[in-house]
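Contents: one structure, followed by commentary.
The values are calculated or read from the model by the stated rules, or taken from the named source; none is laboratory data. What you are looking at is a predicted structure, and each value in this text was computed from that prediction instead of being measured. Positions of Cβ are backbone-derived with ideal geometry, glycine not excepted, and every protein chain shown enters the neighbour counts. Heavy atoms of the whole protein, side chains included, go into the accessibility calculation; ligands, DNA and RNA do not. Shrake-Rupley method; radii C 1.70, N 1.55, O 1.52, S 1.80 Å.
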Amino acid sequence: MTEQPLVALNDGNAIPQVGLGVWQTPNDVAVEAVKTALEAGYRHVDTAAIYGNEDGVGEGLRAGGVPPGEVFVTTKVWNEDQGYDEALRAAQASLKRLGLEQVDLLLIHWPSPWRGKYLETWKALVQAQKDGLARSIGVSNFEPEHLERIVGETGVVPVLNQIELHPRFQQKAARAANAAHGVRTESWSPLGQGRLLTDPVIANVARKHGVTPAQAIIRWHVDNDLIVIPKSVTPSRIRENFEVFGFRLDADDLAAIAALDDPEGRIGAHPLHAKF
Ligand code: NAD
């Protein structure tokens, strides 16, 4: 198996730095994607209740030939399930669909501040960890103010914050706010949903290292100490996206990519304004 970096989390657990994302992947396709990824050496899969594919992910995990417990599985509590009892029920339902007794990481998917429930939801995740439903707990799409609030009120620090992050939206302030709490940053839409693959700066860096644009971008995340979950359902691309451990970017590459950062580069919703 390819040797892969693990990132230490603030609760003593560790997460494989590169994982497979499965958003917009129907159940039957997820089975094959997860199986292919495990065969390629991935030991980390990122799903969510709202993706509607936890059944398929669970089936893929069982079909992948990797002993249970050796794959790091993340799922997320959807916004409509926020609230203390609701979130605990949602976590149980996710486990049932996945066919697991415990996930490695349970996240609050969005703060959804207009609902006014993310603090109660965080308290439910703290309980879920105590009850053994999740080995680690964290958040997604949390702005610094949301992080401050849950840490201030509960004293329990999320292990990571999964946020939109790619070369065109580098999230320097959010990364610093996470780091100040000892919270790791995980990049969603790390390839800019594919839009960054034709960028000429990325193409140059890729050519210089004899790798593909996707590999150059994934390596950029790795070299920035980010956890990264590229999505593909195409077997050759799933394998390609994991072949990123034999090279590293140099200072010139990092400077060239740093210049792609754009405050307007966000693709997804703004966590403060999203009304879902
Ligand atoms: P991504 O940035 O990973 O891009 C995926 C797309 O890039 C693919 O659909 C494909 O079109 C293309 N691609 C992938 N590998 C390629 C390759 N080697 N060559 C050419 N094209 C390639 O986009 P994403 O799916 O939005 O994000 C990744 C994962 O992040 C998701 O699957 C999900 O797990 C997670 N995510 C989380 C949130 C959240 O709110 N927490 C939001 C979005 C995504």
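Each peptide among 236-242, 48-54, 212-218, 194-200 gets the average number of other Cβ atoms lying within 10 Å of its residues, and from highest to lowest they stand as 212-218, 48-54, 236-242, 194-200. The convex hull around the C-alpha trace of the range 223-276, projected and averaged over every direction, spans 6.0 square nanometres. Per residue, the chain exposes 42 Å² of accessible surface when a 1.4 Å probe is rolled over the protein heavy atoms with every protein chain present. Charge dipole (Cα centre; +1 on Lys/Arg Cβ, -1 on Asp/Glu Cβ; no other charges) of the chain amounts to roughly 160 debye.
The residues neighbouring Gly64, those whose beta-carbon lies less than 12 Å from its own, together hold a net charge of -1 under the Lys/Arg +1, Asp/Glu -1 convention.
Tell me whether the chain comes out rounded, prolate or oblate; compute the Cα gyration tensor, take square roots of the eigenvalues as a ≥ b ≥ c, and use a/c under 1.5 as the rounded threshold. Oblate. Residue ranges 251-258, 161-168, 139-146 sort as 161-168, 139-146, 251-258 when ordered by packing (mean number of other C-beta atoms within 10 Å per residue, highest first).
The apolar share of the surface of the range 175-221, taken as the fraction of accessible area on carbon and sulfur atoms (1.4 Å probe, ligands and nucleic acids excluded), comes to 57 percent. Past 18 Å, Cα to Cα, is the threshold; run Lys76/Lys117; Lys96/Lys117; Lys76/Lys123; Lys96/Lys231 against it and keep the listed order. Listed pairs above 18 Å: Lys96/Lys117; Lys96/Lys231. 3J(HN,Hα) couplings calculated from phi for the range 250-263 with the Karplus curve 6.51 cos²θ - 1.76 cosθ + 1.60 (θ = phi - 60°) are, in sequence order, 9, 4, 5, 4, 5, 5, 5, 6, 4, 6, 7, 4, 9, x Hz; Gly and Pro show x. Ser232 contributes about 10 Å² of solvent-accessible surface, heavy atoms of the protein only, 1.4 Å probe. Over all orientations, the range 19-153 has a Cα convex hull whose mean projected area works out to 7.6 square nanometres.
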